[in-house]
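Written below as structure tokens is the structure these notes are about.
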Amino acid sequence: MQRIAVLTSGGDAPGMNAALRAVVLAADHYGLEVIAFRHGYKGLLENDYFEIKPKDVLHVLQYSGTVIKSARCQRFKEVEAAQQAAANLNALNIGALVVIGGDGSFRGADHLANYWHGQVIGVPGTIDNDLYGTDATIGYATAVAIAMDALDKIRDTADAMDRVFIVEVMGRDAGFIGLGSAMAAGSERMVLPELQKDKPLTIPALVKHIQKVQEIRGEGSYVMVLSEHQWPGGAVALAEQLEAEYHLPCRPCLLGHIQRGGAPAPSDRILASQLGVHAVELILKGHHRVMAGIRGNQCVEVPLRDTWEKKNPLDQNLLRIQHEIFNPVKKKPRINPL
């Protein structure tokens, strides 16, 4: 019987367990054995594995995290590490490896493929939604829902006290969570990596925007979504500076790893199930060095290197709506463009 292996790597994402379940159930359906490596590439190097069967994953899709654990492994970038991993896979008679993770995990998979004869298939499990070639990544929808729920609760206390709140979300290199949560929660402002490139945030500009919103709408709350690493010291330092220099009643809130937890949203469970099965079927079709993705509700395969070498842009229409149409201080056109 043919054997395949699976691992979860890098930052955990809600829905990874659902993807793992799908890989195991699909493999069982097609008569394949599955070996799971614990703690990602670290476990692969240490030969920390076990045979995983359908009974081990039947009721895991509702849980966040990953039951086979994950880790970051800097050592795996080395040639010797890839060669050791290849030797371990060969010793176990593994014909294909499914890697559930983000761009760093896919770089590791592509690196391994240079020294191993087996097939390598990626499954996009990352809350950042920044992988090229797929409409969505596993975990993104849940992370946005969690951020939105927090923003809704923050709005309640912000309204009660007429305060400014700066809410820091994940996404240092890509603003998908920032844009999605800001739009879903009706934030007055968002600071995203993509927007910072053209017009970086300044304290005077932010204060002017806050004051203008208050002039237009009257006294009330002001909630800003800040993507991580977009201000020195983050939301805490920015809030302290606004209060110290401009006497604005401002409070920071760092959502941090809360965004990675909680039960996966239905859309993430369904997406993970589709992509996990797709990954196994790509193996059976002989594909190699590709990611199992979804575009326009159709399963696709994307060259691994494309997933990080090509840019996955923000939805320009959503960006326009939130940044311009919903911006309280933007001037309204005299003529309806529609």
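The values are calculated or read from the model by the stated rules, or taken from the named source; none is laboratory data. Quick caveat, the model's predicted, so the values are computed rather than measured. Neighbour counts run over all protein chains shown; Cβ positions are idealised from the backbone, glycine included. For accessibility, only protein heavy atoms count, side chains too; no ligands or nucleic acids. Shrake-Rupley method; radii C 1.70, N 1.55, O 1.52, S 1.80 Å.
To keep it simple, each residue is scored yes or no on (1) loosely packed, with under 14 Cβ neighbours inside 10 Å; (2) part of a loop (DSSP other than H, G, I, E, B); (3) at pLDDT below 90.
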position	(1), (2), (3)
Gly276	no, no, no
Met291	no, no, no
Cys299	no, no, no
Val302	no, no, no
Pro313	yes, yes, no
Leu319	no, no, no
Asn327	no, yes, yes
Lys332	yes, yes, yes
Asn336	yes, yes, yes
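Could you go through segment 213-234 and let me know if any residue there is more than 30 Å from Pro14 (Cβ to Cβ), assigned by TED's automatic domain parsing to the domain that holds Phe165, free of Cβ contacts under 8 Å to residues at least 24 places away in the same chain and among the polar types (S, T, N, Q). Within segment 213-234, one or more residues are more than 30 Å from Pro14 (Cβ to Cβ), assigned by TED's automatic domain parsing to the domain that holds Phe165, free of Cβ contacts under 8 Å to residues at least 24 places away in the same chain and among the polar types (S, T, N, Q).
Whether any residue in segment 274-293 is under 27 Å from Gly104 (Cβ atoms) and of a type in the set (Lys, Arg) is what I want to check. Yes. Scanning segment 229-271 for residues that are in a helix (DSSP H, G or I), at pLDDT 95 or above and within 30 Å of Leu61 (Cα to Cα) turns up Pro266, Ser267, Asp268, Arg269, Ile270, Leu271. Among the residues making up segment 90-115, those that are farther than 23 Å from Val302 by Cβ and in a helix (DSSP H, G or I) are Asn90, Ala91.
Among residues of segment 105-142 being within 20 Å of Ala174 (Cα to Cα) and of a type in the set (Phe, Trp, Tyr), the one that is most open to solvent (accessible area, probe 1.4 Å) is Tyr132. Selection of segment 155-164 for residues being of a type outside the set (S, T, N, Q) and open to solvent by 20 Å² or more (accessible area, probe 1.4 Å) yields Arg155, Asp156, Asp159, Ala160, Met161, Asp162, Arg163. Of all residues in segment 11-67, which are among the aromatic types (Phe, Trp, Tyr) and open to solvent by less than 20 Å² (accessible area, probe 1.4 Å)? Across segment 11-67, the qualifying residues are Phe37, Tyr41.
Taken as a whole, the condition of being among the aliphatic types (A, V, I, L, M), assigned to a helix (DSSP H, G or I) and open to solvent by less than 10 Å² (accessible area, probe 1.4 Å) does not apply to Ala145.
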